[in-house]
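First the structure, in the form of structure tokens, and then the observations on it.
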């Protein structure tokens, strides 16, 4: 969602939403910031600190409505040993989770690097959407926190916008993985790759081929899993396609909330 602060006398704005920092930027009609809301939330509260030209500083607490998304489940039948990873892998999975969490946290320290609209990593059909519950052998084990694109082994995968490669690694769940830090809290991920053409520290441009589709990690067929986060909050990456560089919405996204104007 986008938050807006409109006042001619405001000279600086800081704030948080759902525990994550907001990175306000000055626009023609005030300050705007991109924020995220955890999946399944039915409400959120933004806390905004405004500084004025006359030296006054005040704080606004703004409740935000959130429309929840209802999704059908995907029912899967697998052998019991594949429904849960073995205990021997718990430490590996924990360390890999900490590695990814570090990338998400550091994205708040990077200035915004993208200046063009986001684009899809592949033009192929979407085979699984964001937030769908995965039901293994009759029990909900997880949700699909990403978007899957069809692709044959070796098909190209494109960076969805400008950013810095923050991680290239072989992870238990996501296989050969590339994470791109776009700055101002945003990270996108490209999972299950068969080949990678970038290394950590590379600056990638929108549309650049960064890897090939594969079937590495916990998957049964080749495809691309596209992932997006705002800090610690996992978001529907398709919502990024609705952003334009000025941070104005072209349409509402997963959180589907009206723009909020915190005024003096």
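The values are calculated or read from the model by the stated rules, or taken from the named source; none is laboratory data. Since we're looking at a predicted model, the values are computed, not measured. Don't worry about glycine lacking a Cβ; one is built from the backbone with ideal geometry, like all the others, and counts go over all protein chains shown.
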Practice task
Name the residue, out of 47, 6, that is more than 18 Å from residue 183 (Cβ to Cβ), more than 22 Å from the chain's Cα centre (by Cα) and touching a residue at least 12 places away in the same chain (Cβ under 8 Å).
Solution key: 6
Exercise for the section: Would you be able to say whether some residue in region 219-227 is assigned by TED's automatic domain parsing to the domain that holds residue 171, at pLDDT 95 or above and under 12 Å from the mean Cα position of the chain (by Cα)? Expected result: yes
Exercise for the section: Spot the failing condition for residue 75; the list is (1) at pLDDT 80 or above; (2) in a strand (DSSP E or B), and only one is missed. Expected result: (1)
Handout entry: region 24-38, subset in a loop (DSSP other than H, G, I, E, B) and buried (at least 21 other Cβ atoms within 10 Å of the Cβ), residue modelled with the lowest pLDDT
Key = 37
Exercise for the section: Quick one: residue 145 ticks every box in (1) surrounded by 17 or more Cβ atoms within 10 Å (Cβ to Cβ); (2) at pLDDT 95 or above; (3) within 28 Å of residue 244 (Cβ to Cβ) except a single one, so which number is it? Expected result: (2)
Handout entry: Yes/no for residue 99 being part of a strand (DSSP E or B) and either under 30 Å from residue 173 (Cα atoms) or at pLDDT below 85 (or both)
Key = no
Problem - Matching residues in region 1-23 - criterion: being touching a strand residue (DSSP E or B) at 6+ places or on another chain (Cβ under 8 Å), part of a loop (DSSP other than H, G, I, E, B) and farther than 25 Å from residue 67 by Cβ - result: 7, 9
Exercise for the section: Would you check if there is a residue in region 199-207 being within 17 Å of residue 96 (Cα to Cα), surrounded by fewer than 22 Cβ atoms within 10 Å (Cβ to Cβ) and in contact with a strand residue (DSSP E or B) (Cβ under 9 Å, 6 or more places away or on another chain)? Expected result: yes
Practice task
Kindly indicate whether residue 121 is modelled with pLDDT under 90 and not assigned by TED's automatic domain parsing to the domain that holds residue 35.
Solution key: no
